[in-house]
Amino acid sequence: MLVRLIYASEATAAITPVVLDDILRNSRQYNQEHGITGVLCFSGTAFVQVLEGDRGAVSKLYNRIVKDGRHQRVELLEFSEISERHFAGWTMGQVNLAKINPAILLRYLPRAEFDPYSCSSQAILKLVQELIATAAVNK
Ligand code: FAD
């Protein structure tokens with residue numbers, strides 16, 4: 001059974017390119033091996049990640065991610081059954097929301113500054129889909 005999980009979290013230190021590369025290297029290998037797809041968004045010290053895949057595989061990965069010391073305040077925004085994936089082509093896409101035109105953020109979010117704890121999961125999904133359509137998400 002396919003599910004989608006979306007969570008928000010706060011980095012415990014600056015999200016440097018080294019930190020990101022490390023997370024993404026891990027993600028791409030593990031996620032591909034376990035049929036998990038999704039996108040990792042970040043901005044300032046905030047992360048939001050969308051994970052899609054088999055329910056057991058996504059639950060297991062989420063439990064690993066929650067324990068990761070590179071972030072804290074992990075808050076579940078959505079865990080739902082889905083009939084199809086939105087991000088089938090992405091073992092783990094990445095997008096720096098600090099570099100996105102504020103007008104695009106404002107279309108979906110309460111403020112142009114990204115605060116995942118104040119967003120609905122639907123708004124985040126729509127935002128990420130628009131960013132993919134405009135080639136703003138990197139493989
Ligand atoms: P090991 O590499 O053996 O590490 C042991 C423990 O230390 C784990 O709890 C690990 O989470 C933690 N850890 C590892 N490196 C650091 C570090 N530099 N600082 C502090 N703690 C550390 N992994 C995926 O496979 N797929 C994903 O989609 C994914 N998304 C992530 C998103 C975010 C925002 C973060 C922070 C991490 C993500 N990870 C992802 C990484 C994941 O949390 C684990 O680090 C990774 O799966 C390796 O787990 P392990 O049990 O083999 O840990």
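The values are calculated or read from the model by the stated rules, or taken from the named source; none is laboratory data. Remember, it's a predicted structure, so these values are computed and weren't measured experimentally. Positions of Cβ are generated from backbone atoms using ideal geometry, with glycine treated the same way; all protein chains shown enter the neighbour counts.
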key: Scope the range 44-70; condition assigned to a strand (DSSP E or B), under 17 Å from A11 (Cα atoms) and either without any contact (Cβ under 8 Å) to a residue 60 or more places away in the chain or not aromatic (F, W, Y) (or both); matching residues   = A46, V48, Q49, V50
task = Determine, yes or no, whether S9 is near the ligand (Cβ under 8 Å from one of its atoms), under 13 Å from the mean Cα position of the chain (by Cα) and not acidic (D, E).
result = yes
ask   = Which residues, taken from the range 115-125, are under 24 Å from P17 (Cβ atoms) and surrounded by fewer than 18 Cβ atoms within 10 Å (Cβ to Cβ)?
value = D115
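The rows are residues; the columns are (1) of a type in the set (A, V, I, L, M); (2) under 30 Å from A112 (Cβ atoms); (3) in contact with a strand residue (DSSP E or B) (Cβ under 7 Å, 6 or more places away or on another chain).
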position	(1), (2), (3)
Q29	no, no, no
S59	no, no, no
H71	no, yes, yes
V74	yes, yes, yes
L77	yes, yes, yes
ask   = Pick from L24, L77: which is in contact (Cβ under 8 Å) with a residue 12 or more places away in the chain, under 17 Å from V95 (Cα atoms), not in a loop (DSSP other than H, G, I, E, B) and not small (G, A, S)?
value = L24
inquiry  = Where the second residue is of a type in the set (V, I, T) and the first is under 16 Å from A8 (Cα atoms) and lies in the range 105-118, which pairs have Cβ atoms under 6 Å and are six or more apart or on separate chains?
reply    = P116/V48
note = Among the residues of the range 34-57, the number that are closer than 21 Å to H86 by Cβ and either near the ligand (Cβ under 8 Å from one of its atoms) or over 13 Å from the mean Cα position of the chain (by Cα) (or both) is 14
message = Step by step: first the residues of the range 1-24, then only those that are among the charged types (D, E, K, R) and under 19 Å from T37 (Cα atoms), then the one that is modelled with the highest pLDDT. Which residue is that?
response = R4
ask   = So which residues in the range 58-73 are more than 6 Å from the ligand (Cβ to nearest atom), farther than 17 Å from L20 by Cα and not hydroxyl-bearing (S, T, Y), if there are any at all?
value = V58, K60, N63, R73
note = Of A88, A112, the only residue that is assigned to a loop (DSSP other than H, G, I, E, B), surrounded by fewer than 17 Cβ atoms within 10 Å (Cβ to Cβ) and in contact with a Leu (Cβ under 7 Å, 6 or more places away or on another chain) is A112
key: Unique match (being touching a helix residue (DSSP H, G or I) at 6+ places or on another chain (Cβ under 9 Å), surrounded by 15 or more Cβ atoms within 10 Å (Cβ to Cβ), at pLDDT 95 or above and under 24 Å from A123 (Cα atoms)) among L97, L76, L51   = L51
ask   = Can V128 be described as touching a residue at least 40 places away in the same chain (Cβ under 8 Å), surrounded by 15 or more Cβ atoms within 10 Å (Cβ to Cβ) and outside any helix (DSSP H, G or I)?
value = no
